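The values are calculated or read from the model by the stated rules, or taken from the named source; none is laboratory data. Computed from a predicted model, the values in this text were never measured in an experiment. FYI the Cβ positions are ideal-geometry reconstructions off the backbone, even for glycines, and counts take in every protein chain you see. Areas reflect the complete protein model, heavy atoms only, side chains present, ligands, DNA and RNA absent. Shrake-Rupley method; radii C 1.70, N 1.55, O 1.52, S 1.80 Å.
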Amino acid sequence: MTSGLEGRRVLIVEDEALVAMLLETILEDIGCNPVGPVGTISEALEIVASDAVIDAALLDVNVAGHEVFPVAAALALKGVPFVFSTGYGAGGLGEAWRGHPTVQKPFSEAAICDALRRSLGVSLA
C-alpha cells in the first residue's frame with residue numbers, strides 16, 4: 001500500500017538521537033526522503049533559509065531547551081507545512097500555533113504518516 005507521501009523531502013528537527021533515528025526510519029519506511037536530522041534551532045534555521053528543497057518538516061517543540069517556534073515561523077513564511085511533535089500534546093503549543101498538526105510522543109508510524117498527510121493535504125481516496 002502507498003502512503004501518498006513518496007519522494008517528499010521532510011526536515012527532521014529533533015535533539016534526542018534515538019527519536020531522530022526513529023523518525024528517519026519511519027520516513028524512509030513510508031517513502032519519504034529525510035532531511036537532517038538537525039538538533040539545534042540555528043541549524044534548522046540555516047536549512048530553512050538555504051535553497052534546500054523541503055516539502056514538509058517534523059518539529060520537536062523543545063529542542064535542546066529552546067522552543068522551535070522560530071523555525072515554524074520561518075517555514076510558514078516559505079509556505080512549507082510542518083508537524084509538531086511533543087510530549088505535552090497540542091496543549092503544549094502556544095496560542096498562535098494551536099491547530100497545526102501535532103503528534104504526541106511516544107508516536108507511531110501511523111501517527112506520523114497521518115499528520116504529514118494532513119499537513120500536506122494528501123488524501124488516499
Considering only residues that are closer than 15 Å to Val13 by Cα and among the hydrophobic types (A, V, I, L, M, F, W, C), look in region 99-116 and name the one that is surrounded by the most Cβ atoms within 10 Å (Cβ to Cβ).
Leu116
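State whether the residues of region 6-29 include one that is touching a Phe, Trp or Tyr at 6+ places or on another chain (Cβ under 7 Å) and either loosely packed, with under 14 Cβ neighbours inside 10 Å or assigned to a helix (DSSP H, G or I) (or both). Steps first, please.
Step one: list which residues in region 6-29 are touching a Phe, Trp or Tyr at 6+ places or on another chain (Cβ under 7 Å), which gives none.
No.
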Quick one: Ala96 ticks every box in (1) open to solvent by 60 Å² or more (accessible area, probe 1.4 Å); (2) closer than 16 Å to Arg8 by Cα; (3) over 13 Å from the mean Cα position of the chain (by Cα) except a single one, so which number is it?
(2)
State which residue is surrounded by the most Cβ atoms within 10 Å (Cβ to Cβ) when the search covers only region 30-53 and only residues that are free of Cβ contacts under 8 Å to residues at least 12 places away in the same chain and part of a loop (DSSP other than H, G, I, E, B).
Ser50
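Among the residues in region 59-70, are any assigned to a helix (DSSP H, G or I) and either over 13 Å from the mean Cα position of the chain (by Cα) or among the small types (Gly, Ala, Ser) (or both)?
Initially, region 59-70 is screened for residues assigned to a helix (DSSP H, G or I), giving 69-70.
Subsequent filtering for residues that are either over 13 Å from the mean Cα position of the chain (by Cα) or among the small types (Gly, Ala, Ser) (or both) retains 70.
The answer is yes, given that some residue of region 59-70 is assigned to a helix (DSSP H, G or I) and either over 13 Å from the mean Cα position of the chain (by Cα) or among the small types (Gly, Ala, Ser) (or both).
Given Phe107, Phe69, Phe84, which one is touching an Asp or Glu at 6+ places or on another chain (Cβ under 9 Å) and among the aromatic types (Phe, Trp, Tyr)? Spell out the reasoning first.
Numbers: Phe107 fails: touching an Asp or Glu at 6+ places or on another chain (Cβ under 9 Å); Phe69 fails: touching an Asp or Glu at 6+ places or on another chain (Cβ under 9 Å).
From the options Phe107, Phe69, Phe84, the qualifying one is Phe84.
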Of a type in the set (Gly, Ala, Ser) and modelled with pLDDT of 95 or more: does that describe Ala64?
no
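Does region 75-93 hold any residues that are touching a strand residue (DSSP E or B) at 6+ places or on another chain (Cβ under 6 Å), closer than 19 Å to Ile41 by Cα and open to solvent by less than 20 Å² (accessible area, probe 1.4 Å), and which are they?
As a first pass, look at region 75-93 and keep what is touching a strand residue (DSSP E or B) at 6+ places or on another chain (Cβ under 6 Å): 75, 81-85, 89-90, 92.
Keeping just the survivors that are closer than 19 Å to Ile41 by Cα gives 75, 81-85, 92.
Hits for region 75-93 are Leu75, Phe82, Val83, Phe84, Ser85.
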Looking at Ala72, Ala56, which one is touching a Phe, Trp or Tyr at 6+ places or on another chain (Cβ under 8 Å), crowded, with 19+ Cβ neighbours inside 10 Å and touching a residue at least 60 places away in the same chain (Cβ under 8 Å)?
Ala56
